[in-house]
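Note sheet for the following structure.
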Amino acid sequence: MPMPELNRRAFGLGGVAAAGAALLPASARGADLPLRPITEGVAPISREERLARIARAQGLMRRFGFGAILVEAGASLDYFTGIQWHRSERLTAALIPAEGEPVVVTPFFEAPSVRETLAIPADVRTWEEDEDPLKLVAGALRDRNAAGRPLGIEETVRYFAIDALQKVRPGISIRNAAPVVRGCRMVKTPAELALMKKATEATIAAYRHTYPRIEKGMTPADIGAIMNGATRALGGSPEFALVLLGEASAYPHGSGKPQQVREGEVVLMDCGCTVEGYQSDVSRTFVFGEASAEQRKVWDQVHRGQRIAFAAARVGAPAGSVDDAVRRQYQAWGYGPRYKLPGTSHRTGHGIGMEGHEPVNLVHGETTPLAPGMCFSDEPGIYIPGKFGIRLEDCFYMTPSGPRWFSTPPPSIDRPFD
């Protein structure tokens, strides 16, 4: 469950992390970590795999009647082309036609930088500052014989691009490209799974380093600084390090109120990193000192909830049925009903891959059938406002014979990293 921008103060990131690290004893600072990279030698996604993705996308386009799809800068552009680029008011995008070579549209002065990560053959077309980039997209549609068929728009493409394209080509048929993009990205290959496993290994190793270094009086920023420093030393690129202490753990994405580690209170950590573009997402909850009977009871219930979700994740089952299975048991224990508190106020899990949150979700009403290669978080937390919350989160991937863990849930509240 990655970070919302609103609650960055709860994370050991940026200047806050640096300030927190400065308060720690030298043995706990990232610069002094007795750790070595564990990600050396991992294989990045190959040119051949990206070409296979393009071929799969083109097959799906023909199946669903698209002439082409438009993908803007972001994870999907990286997925198909290798281009690692940021979004701004200046459009950088790829038109992937049902037949023929992709066309990349980018500002003239950005083209050399964009080409640095371009990993497949593509026709790079540039536009000047006083020109309309959507005219290049319209021209590419014509050149690739796609102008007479519907254009698929990747889900996250911004409205200004769609609006401008409709003005350049009045009457153009525009559809949601989800059947194509999701059809490719939701099902991970062995190469993708290997990178996600390595990212998870780095996160778990960083947790094991951080856990014994947590001290009374530390703040979320202090703990996040240790975690992020360990992740970097292990070879991962930190994505988020959410740390919630005491009552703040009852609110899934935290609180801006001051927090400190206190005896007998919950410490909830939700952390992840990236390795070669693929993410991990792991949550652990424990108590600093001795856990109360109530804390133990709720921890054990969440632990059971994870197992219920895992058992319900079967090939062909609707994704929403996993959430339903957990919620039935939680309601039998007196939580809810549905998303009411005390209970589980969020979905049981989300898709994960190049992004921390990807389609589809393990949420009531989601009918997409589970298939081999799909990857999900499993995090049916229980939250008690005014007291504490417990969240355990481990991700799994689907195989023909059922789910497999990226990280194994811990055995008990007293052994949160075994």
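Every condition in (1) more than 13 Å from residue 184 (Cα to Cα); (2) of a type outside the set (Lys, Arg); (3) within 22 Å of the chain's Cα centre (by Cα) is met by residue 66 except one, and the failing one is (3). Annotation note: Cβ proximity below 8 Å between a residue of the stretch 291-310 that is closer than 12 Å to residue 326 by Cβ and a residue that is among the basic types (Lys, Arg) and modelled with pLDDT of 95 or more (sequence gap 6+ or interchain) occurs for 302/391.
Can residue 117 be described as over 13 Å from residue 69 (Cβ atoms), out of contact with any Lys or Arg (no Cβ under 9 Å at 6 or more places or on another chain) and surrounded by 14 or more Cβ atoms within 10 Å (Cβ to Cβ)?
For residue 117, the condition - over 13 Å from residue 69 (Cβ atoms), out of contact with any Lys or Arg (no Cβ under 9 Å at 6 or more places or on another chain) and surrounded by 14 or more Cβ atoms within 10 Å (Cβ to Cβ) - is not met.
Of the candidates 125, 90, the single residue that is in a strand (DSSP E or B), out of contact with any Phe, Trp or Tyr (no Cβ under 7 Å at 6 or more places or on another chain) and among the basic types (Lys, Arg) is 125.
Within the stretch 303-326, can you find the residues that are under 25 Å from residue 286 (Cβ atoms) and among the basic types (Lys, Arg)? Once the filter is applied, which keeps residues that are under 25 Å from residue 286 (Cβ atoms) and among the basic types (Lys, Arg), the stretch 303-326 yields 304, 307. If you check 71, 105, 137 for being assigned to a helix (DSSP H, G or I), crowded, with 21+ Cβ neighbours inside 10 Å and among the β-branched types (Val, Ile, Thr), only one passes: 137. Filtering the stretch 145-199 to residues that are within 27 Å of residue 135 (Cα to Cα) and of a type in the set (Ser, Thr, Tyr) leaves 156, 159, 173.
Across the stretch 341-366, the qualifying residues are those that are under 17 Å from residue 203 (Cβ atoms) and among the hydrophobic types (A, V, I, L, M, F, W, C), and the one among them that is farthest from the chain's Cα centre (by Cα) is 354.
So which residues in the stretch 326-357 are part of a helix (DSSP H, G or I) and crowded, with 21+ Cβ neighbours inside 10 Å, if there are any at all? Answer for the stretch 326-357, where residues must be part of a helix (DSSP H, G or I) and crowded, with 21+ Cβ neighbours inside 10 Å: 326, 327, 330. Buried (at least 18 other Cβ atoms within 10 Å of the Cβ), farther than 19 Å from residue 302 by Cα and of a type in the set (A, V, I, L, M): is that true of residue 248 in this structure? Spelling it out, it is not the case that residue 248 is buried (at least 18 other Cβ atoms within 10 Å of the Cβ), farther than 19 Å from residue 302 by Cα and of a type in the set (A, V, I, L, M). Quick check, is residue 404 in a strand (DSSP E or B), at negative phi, surrounded by fewer than 22 Cβ atoms within 10 Å (Cβ to Cβ) and of a type outside the set (Val, Ile, Thr)? Yes. If you go through the stretch 249-293 and keep only what is in a loop (DSSP other than H, G, I, E, B) and charged (D, E, K, R), you end up with 257, 262, 263, 276, 281, 290.
In the stretch 234-245, is there at least one residue being in a helix (DSSP H, G or I), more than 16 Å from the chain's Cα centre (by Cα) and either at pLDDT 95 or above or not assigned by TED's automatic domain parsing to the domain that holds residue 288 (or both)? No. Can you find, within the stretch 358-385, the residue that is farthest from residue 407 (Cα to Cα) among those that are of a type in the set (Ser, Thr, Tyr) and in a loop (DSSP other than H, G, I, E, B)? Per the stated criteria, the residue is 367. Mind checking whether some residue in the stretch 371-379 is in contact with a Pro (Cβ under 7 Å, 6 or more places away or on another chain) and crowded, with 17+ Cβ neighbours inside 10 Å? Looking for residues that are in contact with a Pro (Cβ under 7 Å, 6 or more places away or on another chain) and crowded, with 17+ Cβ neighbours inside 10 Å, one finds none in the stretch 371-379, hence no.
Filtering the stretch 246-256 to residues that are at pLDDT 95 or above and on the phi < 0 side of the Ramachandran plot leaves 247, 248, 249, 250, 251. For the stretch 141-184, taking the residues that are free of Cβ contacts under 8 Å to residues at least 40 places away in the same chain and among the small types (Gly, Ala, Ser), the one that is nearest to residue 77 (Cα to Cα) is identified as 164.
Counting only residues that are assigned to a loop (DSSP other than H, G, I, E, B) and either farther than 17 Å from residue 62 by Cα or out of contact with any Pro (no Cβ under 9 Å at 6 or more places or on another chain) (or both), the stretch 161-188 holds 8 of them. Do we have any residue at all in the stretch 257-271 that's modelled with pLDDT under 95 and either surrounded by 24 or more Cβ atoms within 10 Å (Cβ to Cβ) or not β-branched (Val, Ile, Thr) (or both)? Looking through the stretch 257-271, at least one residue is modelled with pLDDT under 95 and either surrounded by 24 or more Cβ atoms within 10 Å (Cβ to Cβ) or not β-branched (Val, Ile, Thr) (or both). Quickly run through the stretch 86-102 and pick out the residues that are in contact (Cβ under 8 Å) with a residue 24 or more places away in the chain and buried (at least 22 other Cβ atoms within 10 Å of the Cβ). Those that are in contact (Cβ under 8 Å) with a residue 24 or more places away in the chain and buried (at least 22 other Cβ atoms within 10 Å of the Cβ): 91, 93, 94, 95, 96, 97, 98, 102. Only residues that are closer than 26 Å to residue 251 by Cβ and in a loop (DSSP other than H, G, I, E, B) were counted in the stretch 386-401, giving 4.
Screening the candidates 57, 119 for the property of being within 23 Å of the chain's Cα centre (by Cα), part of a loop (DSSP other than H, G, I, E, B) and modelled with pLDDT of 95 or more yields one hit, 119.
The values are calculated or read from the model by the stated rules, or taken from the named source; none is laboratory data. Keep in mind it's a predicted model, so treat the numbers as computed, not measured. Here Cβ is always computed from backbone atoms with ideal geometry, including for glycine, and neighbour counts include all displayed protein chains.
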